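The values are calculated or read from the model by the stated rules, or taken from the named source; none is laboratory data. Values in this document were obtained by computation on a predicted structure and should not be read as measured data. Don't worry about glycine lacking a Cβ; one is built from the backbone with ideal geometry, like all the others, and counts go over all protein chains shown. With ligands, DNA and RNA removed, areas are computed over all heavy atoms of the protein, side chains included. Shrake-Rupley method; radii C 1.70, N 1.55, O 1.52, S 1.80 Å.
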Amino acid sequence: MKVSRIDAPAKGEISTYFIAGDWHSEAISDSCLKIMLQMARKLPKKKRKLIINGDFLDAAHLMARNPQYKKWIGRADGVDEFFIPLSEEELKWGNHILDILQRDFSEIIYIEGNHDWRYRDFMSKISPDLAHNFDYRRILALKSRGIAVVDYNDWLDLGDKLSITHGAYHGTTCHKKHYEASGGKSVIFSHVHYVGCKSFSVRGNTHHSWSLPAFCNLNPEYIKNRETNWSNGFGVINLKDNSSFNFNIFQIWDDQLVLPDGKLISAK
């Protein structure tokens, strides 16, 4: 496990980070994107920073249990006829969205999720001369865009008190497991698509484990219209010079967000 770190800001300064996870490519919630951008534009661009907290890409066609994957993986023409065209389409989407984001955010950090990781996993299973077609980091030009990348299941620390990862745990104990995996810091993770928070106390200090809402459609095909506890939205971290921070989650209902001052931001 590797930990990347961003230091607390200079004395008297506050750093603001928007954080959104579970975009899932073309399943993205347009309302989430429009509202987050409108909210971010209230700040000077140099103060607008974004953490993409995993599963920016969906890569459903690279999931081993997908019936179409099973159908095409054994065919001689499977890579050329199925896997490459769908990857090109998804990564074209990714470049388009990153272009939009970079017009509004001065800094973007890309935390890899388990869905993004499927591209790297698939690269390891095919011949080296075809692997470059699935190198999403190269095709999204993350390095030349100046977008830092945190690998799946690694961590990003903001100052000394907060740690962020995409997330690896589900179920009723996911907050406890992510908190323990963080090394005893407060933690923010995505992965589960719902808003949750659990508090922990250690030697007089209170820590929290937060799960983020999703930045995608809440009724994807694989859910088959079943009930979920998911919601749409994103978070905003305000980091102080002593590493203390405030974290607020903004949930979006009916394509609208009502701010604490009563002002309405609408996606329409």
Between 154, 80, 30, which gets the highest mean-square fluctuation from a Gaussian network model of the chain, Cα cutoff 10 Å?
-> 80
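Going by accessible area, probe 1.4 Å, with all protein chains left in place, what is the ranking of 11, 176, largest first?
Working: 11 190, 176 95 Å².
Listed by decreasing accessible area, they come as 11, 176.
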Would you mind computing Rg(Cα) / (2.2 N^0.38 Å) for segment 181-232, counting N as its residues?
-> 1.45
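Assign one of three labels to segment 135-268, namely rounded, prolate or oblate, based on the Cα gyration tensor with a ≥ b ≥ c the square roots of its eigenvalues; rounded applies when a/c is under 1.5, prolate when it is not and a/b is larger than b/c, and oblate otherwise.
Rounded.
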Along principal axes, largest first, the alpha-carbon spread of segment 68-126 in whole Å comes out as 44, 19, 16
The alpha-carbon center of segment 222-249 and that of segment 43-96 are separated, in whole Å, by 23
Would you look at the GNM of the chain, springs on alpha carbons closer than 10 Å, and say which of 178, 191, 170 moves the most?
-> 170
For the chain: accessible area per residue (Å², 1.4 Å) = 50
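Assuming 0.890 mPa s and 25 °C, estimate D for segment 64-186 with Stokes-Einstein, Rh taken as the Kirkwood radius over Cα pairs, in µm²/s. Don't skip to the end; give the middle numbers.
On the way: Rh = 16.7 Å.
Stokes-Einstein gives a translational diffusion coefficient of 147 µm²/s.
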Under a no-solvent Debye model with one identical scatterer per Cα of the chain, what's log10 I(q)/I(0) at q = 0.09 Å⁻¹?
-> -0.42
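Could you pull out the longest piece of the chain with no exposed loop GluC sites (Glu not before Pro) in it, calling a site exposed if DSSP puts it outside H, G, I, E, B and it has at most 12 other Cβ atoms within 10 Å? Could the numbers behind the result be given before it?
On the way: sites that count: 13, 227.
Excluding the exposed sites themselves, the longest stretch runs over 14-226.
Rounded to a whole number, what % of the accessible area of the chain do carbon and sulfur atoms account for, probe 1.4 Å? All intermediate terms of the calculation are to be shown ahead of the outcome.
Working: 6440 of 13270 Å².
Ligands and nucleic acids excluded, carbon and sulfur reach 49 percent.
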When the chain is treated as a Gaussian network with springs between alpha carbons less than 10 Å apart, the largest mean-square fluctuation among 215, 105, 122 is found at 122
